[in-house]
Amino acid sequence: MSLGYWKLIVLTLLPYSVYSGPCGPLRNISGKEGETATLHVNATGGRYIVWVLVSGNSTNTFAETKPNSSINIRDYQYKGRVSSTNDGSLIFTHLTKKDQGIYKADVSKSDCSHFYSLRVYKSLVAEDIQMHHNRSESCNVILSCTVNERDVTISWSHTDRTGPTLHVYNVSDAGVYTCTAHNPISNASKSLTLTHICYNGD
């Protein structure tokens, strides 16, 4: 075949296969288990978007979208769980923690790719919080508050301190202390009455 023929093939495939780097910073997306998350992309002019899951050195091209068109699912483990918007953005439904990862959107006729970090979180409830205490004979109290989930921060009532432990002095007028656990999509609280600890021996 002639050199001109191969040049034509290369020029035809080039808009769909060459991406020199990221279009912008990594986009962090937080989702809730069982709900939805959208990976937004700006594709105009009827361009195709190829969606890729990036895992270390391996990749999985699992879907293709196009504005105002139906989604084309290439990996059938995603069938019934991903869809697209009118602008070609990707929607995950019925999120699970298995959906977490780095995703890439390659837009045809573009020289860059969009990258997303999808994290899926449990909606916290009070039962997720483990609250404990230690007291001295003079009834100085150390409170601890832990949650066995990722990306959780702890805050306390009566103070601007954060972190899993809190030292409380002069318990006689301390009253109720509340530990609040926060993750990117929810928060939950649990309380303890410190005067009961000292005077009832709890």
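The values are calculated or read from the model by the stated rules, or taken from the named source; none is laboratory data. Computed from a prediction, not measured in an experiment: that's the story for all the values here. Here the Cβ positions follow ideal geometry from the backbone for every residue, glycine too, while neighbour counts run over all protein chains shown.
Taking the range 143-190 as the range and being among the hydrophobic types (A, V, I, L, M, F, W, C) and either touching a Ser or Thr at 6+ places or on another chain (Cβ under 6 Å) or within 28 Å of Val120 (Cα to Cα) (or both) as the test, the residues that pass are Cys145, Val147, Val152, Ile154, Trp156, Val176, Cys179, Ala181, Ile185, Ala188.
Scanning the range 108-122 for any residue that is in contact with a His (Cβ under 8 Å, 6 or more places away or on another chain) and hydrophobic (A, V, I, L, M, F, W, C) turns up nothing. Within the range 110-129, the set of residues being polar (S, T, N, Q) and modelled with pLDDT of 95 or more comprises Ser117, Ser123. When you check Ser108 against the structure, is it free of Cβ contacts under 8 Å to residues at least 40 places away in the same chain, of a type in the set (S, T, N, Q) and farther than 16 Å from Asn187 by Cβ, yes or no? Criteria not met by Ser108.
Considering the range 119-153, and only residues there that are in contact with an Asp or Glu (Cβ under 6 Å, 6 or more places away or on another chain) and not basic (Lys, Arg), the residue that is surrounded by the most Cβ atoms within 10 Å (Cβ to Cβ) turns out to be Val120.
Among the residues of the range 75-102, just one is in contact with a Phe, Trp or Tyr (Cβ under 6 Å, 6 or more places away or on another chain) and loosely packed, with under 15 Cβ neighbours inside 10 Å, namely Asp75. Taking the condition free of Cβ contacts under 8 Å to residues at least 40 places away in the same chain and either in the same structural domain as Asn28 (by TED's automatic domain parsing) or outside any strand (DSSP E or B) (or both), does Lys98 pass? Spelling it out, Lys98 is indeed free of Cβ contacts under 8 Å to residues at least 40 places away in the same chain and either in the same structural domain as Asn28 (by TED's automatic domain parsing) or outside any strand (DSSP E or B) (or both).
Quick one: would you say Ser113 is surrounded by 13 or more Cβ atoms within 10 Å (Cβ to Cβ), under 17 Å from Pro22 (Cα atoms) and touching a helix residue (DSSP H, G or I) at 6+ places or on another chain (Cβ under 7 Å)? No.
Within the range 41-52, residues that are at pLDDT 80 or above and buried (at least 20 other Cβ atoms within 10 Å of the Cβ) have Cβ atoms under 6 Å from residues that are of a type in the set (Val, Ile, Thr) and in a loop (DSSP other than H, G, I, E, B) in these pairs: Ile49/Val41, counting only partners at least 6 apart in sequence or on another chain. Has the range 127-145 got any residue that is basic (Lys, Arg) and outside the structural domain of Thr193 (by TED's automatic domain parsing)? No - not one qualifying residue is present in the range 127-145.
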